[in-house]
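Report on one structure; see the data block that follows.
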Amino acid sequence: MITRSNYIQSKILNHHDAAKRISLWKMKGNKVVFTNGCFDILHKGHVSYLAEAAELGNKMVVALNTDASVKRLKKGDDRPINDNDARASVLASLGFVDTVIFFDSDTPFDVIKMLNPDVLVKGADYDPEETEATSKTYIVGSDIIRKNGGEVKAIELVEGFSTTSVLEKLKS
């Protein structure tokens with residue numbers, strides 16, 4: 001019998017195993033949704049965003065920045081607060097998240113190209129219609145998804161919820 005802890009850990013995969021799982025899902029007719037981020041301190045904004053993204057398909061994949069890639073994003077000297085294993089475990093414990101994978105590069109481009117999800121999702125601070133890769137609102141990988149017949153979506157963010165605002169409240 002699989003324990004709940006083992007079940008959570010079974011959702012955290014390397015790229016090769018994630019690609020095999022996603023291929024199997026697609027063969028069964030599932031629509032695979034993909035998003036990515038740091039998800040450092042999980043809060044209501046993250047949960048709302050991920051739940052709404054998961055509604056766009058049957059299976060939800062979250063690509064998680066490694067600790068090193070979070071540092072390169074310059075979110076702050078003390079970031080990430082939680083290491084990638086802790087962040088992955090929390091994400092994998094959400095019922096609507098089916099798989100969590102790590103990416104260490106500055107963008108998830110290679111992961112998106114390898115996994116080829118059906119739907120690519122980012123927050124509404126990005127523009128699904130933006131095609132200029134140098135724009136701050138460009139969604140990395142959107143060109144690949146569209147070329148392969150997929151969808152690119154943006155989801156409204158819950159105002160007042162961000163990891164930065166949580167950390168600011170803790171410091172005050």
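Matching the structure-derived Rg/Rh (Cα atoms, Kirkwood Rh) against the labelled list (1) 0.93; (2) 0.95; (3) 1.02 gives the label (2). Taking Cα centre as origin and charging only the Cβ of basic (Lys, Arg, +1) and acidic (Asp, Glu, -1) residues, the dipole magnitude of the stretch 4-171 rounds to 520 debye.
What length, rounded to one decimal in nm, is gained on full extension from residue 132 through to residue 6, with 0.36 nm per residue of separation minus their alpha-carbon distance?
41.1 nm
Couplings for the stretch 82-97, taken from phi via the Karplus curve 6.51 cos²θ - 1.76 cosθ + 1.60 with θ = phi - 60°, read 9, 6, 4, 5, 5, 5, 5, 4, 5, 4, 5, 6, 6, x, 8, 9 Hz in order; Gly and Pro are left as x. Between amide H atoms placed 1.01 Å from N, distances below 5 Å from residue 155 occur with 122, 123, 124, all of them 5 or more places distant or on a separate chain. Between the beta carbons of residue 47 and residue 148, assuming R0 = 45 Å, the FRET efficiency works out to 0.95 to the nearest 0.05.
For the residue pairs 20/122; 75/153; 74/153; 26/74, the C-alpha atoms sit more than 28 angstrom apart in 26/74. The amide H of residue 103, built 1.01 Å from its N in the peptide plane, has 64, 65, 66 as neighbours under 5 Å, considering only residues 5 or more places off or on other chains.
Place a point 7 Å from the Cα of residue 85 along the Cα-to-Cβ direction; which residues of the stretch 47-68 have their backbone N under 19 Å from it? It comes to 64-68, nothing else.
For the stretch 4-171, the relative contact order comes to 27 percent (Cα pairs under 8 Å, sequence separation of at least 6). Full extension of the segment from residue 30 to residue 107, taken as 0.36 nm per residue of separation minus the current Cα-Cα distance, would add 25.2 nm.
No value in this document is a laboratory result; all are computed from the given coordinates. On a predicted model such as this, the values are computed, not experimentally measured, just so you know. All Cβ positions, even for glycine, are placed from backbone atoms using ideal geometry, and neighbour counts span all protein chains on display.
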